[in-house]
Amino acid sequence: MLYQTDKDLLPVIQHYGCAFMCAAFAREKYQNEPWTAQALNSIWNIAVENGIITGDLNGDGDVDDGGEAEIQDWQKLANLMGCKLRYIPGHFPIDSPLAENAFSICAWYNLNTKFTHFVVGTSKPVEYDPIRGGSKTVREGYPKIKDGLRIFQILA
């Protein structure tokens, strides 16, 4: 699996693509269909063009402002990626019971950096951290307890 920090990925994915990469991980895990950086770059651009992921909302030339580089429609992103998943709308507590055919992405938070980072896993060690070698957010942080999970039903 690629990591968001891989140099062949778009800089925007390298900096803000953790949730996007977790969705990509699902396709590799459940459908055994590996990604190329070129394919992920293309999907990111298509997703931004179609409002599935927000782009530069205020026109300042970057996507580091509030509401930018955020997934707006998880189901459309899963479809665009070719993932056989059905998104269960909402942000769920991390202790939510998961069906056997469920996949979840978890938001972790680092109190020191005030940074949120998405991974696959609600406890250490996580199954997949999009930062190669593991993120500071997971090392020093914790999963968002009340609303950290994005849940999908696996259709594959």
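For segment 4-45, what are the residues that are in contact (Cβ under 8 Å) with a residue 60 or more places away in the chain, farther than 19 Å from L155 by Cβ and touching a Phe, Trp or Tyr at 6+ places or on another chain (Cβ under 9 Å)?
Q4, G17, C18, A19, M21
Can you tell me how many residues within segment 46-74 are assigned to a helix (DSSP H, G or I), surrounded by 15 or more Cβ atoms within 10 Å (Cβ to Cβ) and in contact (Cβ under 8 Å) with a residue 12 or more places away in the chain?
Matching residues across segment 46-74 total 2.
Go through (1) part of a helix (DSSP H, G or I); (2) surrounded by fewer than 17 Cβ atoms within 10 Å (Cβ to Cβ) and name the single condition R27 misses.
(2)
When both residues are 6+ apart or on different chains and their Cβ atoms are under 7 Å apart, which pairs have a first residue that lies in segment 142-156 and is part of a loop (DSSP other than H, G, I, E, B), and a second that is polar (S, T, N, Q)?
A156/Q31
Going by the structure shown, is D95 exposed (fewer than 14 other Cβ atoms within 10 Å of the Cβ), more than 20 Å from D8 (Cβ to Cβ) and modelled with pLDDT under 95?
Against the criterion (exposed (fewer than 14 other Cβ atoms within 10 Å of the Cβ), more than 20 Å from D8 (Cβ to Cβ) and modelled with pLDDT under 95), D95 does not qualify.
Condition test on G51, is it over 15 Å from the mean Cα position of the chain (by Cα) and either of a type in the set (K, R) or at pLDDT below 95 (or both)?
Answer is no for this residue.
Out of the residues in segment 99-141 that are among the β-branched types (V, I, T) and assigned to a strand (DSSP E or B), which is surrounded by the fewest Cβ atoms within 10 Å (Cβ to Cβ)?
Step by step, filter segment 99-141, then rank; the result is T116.
The values are calculated or read from the model by the stated rules, or taken from the named source; none is laboratory data. Just so it is clear, the model here is predicted, and its values are computed rather than measured. When we count neighbours, we look across all protein chains shown, and the Cβ atoms used for this are built from the backbone with ideal geometry, even at glycine.
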